[in-house]
1. Among (1) assigned to a strand (DSSP E or B); (2) crowded, with 18+ Cβ neighbours inside 10 Å, there is one condition residue 214 misses while meeting the rest; what is its number?
2. Residue under question is residue 196, and the condition is that it be out of contact with any Leu (no Cβ under 7 Å at 6 or more places or on another chain), assigned to a strand (DSSP E or B) and either among the aliphatic types (A, V, I, L, M) or assigned by TED's automatic domain parsing to the domain that holds residue 214 (or both); does it hold?
3. Mind listing just one residue for me: the one in segment 103-162 that is out of contact with any strand residue (DSSP E or B) (no Cβ under 6 Å at 6 or more places or on another chain) and part of a helix (DSSP H, G or I) and, of those, farthest from residue 202 (Cα to Cα)?
4. When you go through 182, 207 one by one, which is the residue that is of a type in the set (S, T, N, Q) and assigned to a loop (DSSP other than H, G, I, E, B)?
5. From the list 135, 108, 130, 146, pick out the single residue that is surrounded by 15 or more Cβ atoms within 10 Å (Cβ to Cβ) and either at pLDDT below 90 or at positive phi (or both).
6. Being closer than 16 Å to residue 142 by Cα and of a type in the set (Ser, Thr, Tyr) is the filter here, so list the residues in segment 184-233 that pass it.
Amino acid sequence: MRRFAILVIAVACAAAVGLWLIQGAPSDPAELAASLDTTWPRTVALVLLAAVLLVSVAAGGPRLKEVARAVLLWGALALILVATYAYRSDLERIGRTTLSAVIPGLAVETGGGVTVSRGADGHFRINGSVNGAPVTFLLDTGATMVLLTAEDARAAGIDPPRSAYSLPVSTANGIARVAPASLDSVTVGSIEESDVGAAVAPPGQVSSSLLGMSFLSRLYRFEITGDRLILEK
């Protein structure tokens, strides 16, 4: 037992020196003295404390070993909590990216921009808002402007008179006459644009509102990478 204690203390001393060297022992004599006054005592104290615990566990019998196991368990949990806190930004980013993949259409904040995952139908459907009213857009880079369904327009407080439907546009259902409009705000995630040029489709003419170039062209960047749409303000 005595030999074991001596061995543990010797290893602890070597570990203390090693830790101090890893932390960076200064080459300047003045800095070295200051380091010995501050870092060295703390390092030695921690390592010797671990050595005492090891010797105590070896000599203390079953009950002390149980206490030691409990201390190690709580120490491991504390280490996990500290690591989680230290890497919280990376973990949050990973969580958001995963959430975006699980819920297509959800605009997720990633690295200063917004990321949306492609849906099972191969299209990008983007949850946003117009004038504060929720709208699910279909990405259409071929559309010159944002196009709202009549239902989404009414929810946003826009209800053009019948005579306003005078602008001819090409849609999936053929040529349609839409009503020009100006949107106070269009929001996707944290990206918001004001006074966005748009049009309102007649009732039943289109099945989904379109996020077109009158919004996209204002962005610093929009890019499709694989199954992800990246928007940056």
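The values are calculated or read from the model by the stated rules, or taken from the named source; none is laboratory data. Here the structure is a predicted model, which means the values were calculated and not measured. All Cβ positions, even for glycine, are placed from backbone atoms using ideal geometry, and neighbour counts span all protein chains on display.
1. Failing condition for residue 214: (1).
2. On the way: out of contact with any Leu (no Cβ under 7 Å at 6 or more places or on another chain): no; assigned to a strand (DSSP E or B): yes; either among the aliphatic types (A, V, I, L, M) or assigned by TED's automatic domain parsing to the domain that holds residue 214 (or both): yes.
For residue 196, the condition - out of contact with any Leu (no Cβ under 7 Å at 6 or more places or on another chain), assigned to a strand (DSSP E or B) and either among the aliphatic types (A, V, I, L, M) or assigned by TED's automatic domain parsing to the domain that holds residue 214 (or both) - is not met.
3. Among them, the one singled out is 154.
4. Values: 182 fails: assigned to a loop (DSSP other than H, G, I, E, B).
Just one listed residue meets the conditions, 207.
5. Step by step, each of 135, 108, 130, 146 is checked, and only 108 is surrounded by 15 or more Cβ atoms within 10 Å (Cβ to Cβ) and either at pLDDT below 90 or at positive phi (or both).
6. Once the filter is applied, which keeps residues that are closer than 16 Å to residue 142 by Cα and of a type in the set (Ser, Thr, Tyr), segment 184-233 yields 208, 209, 214, 217.
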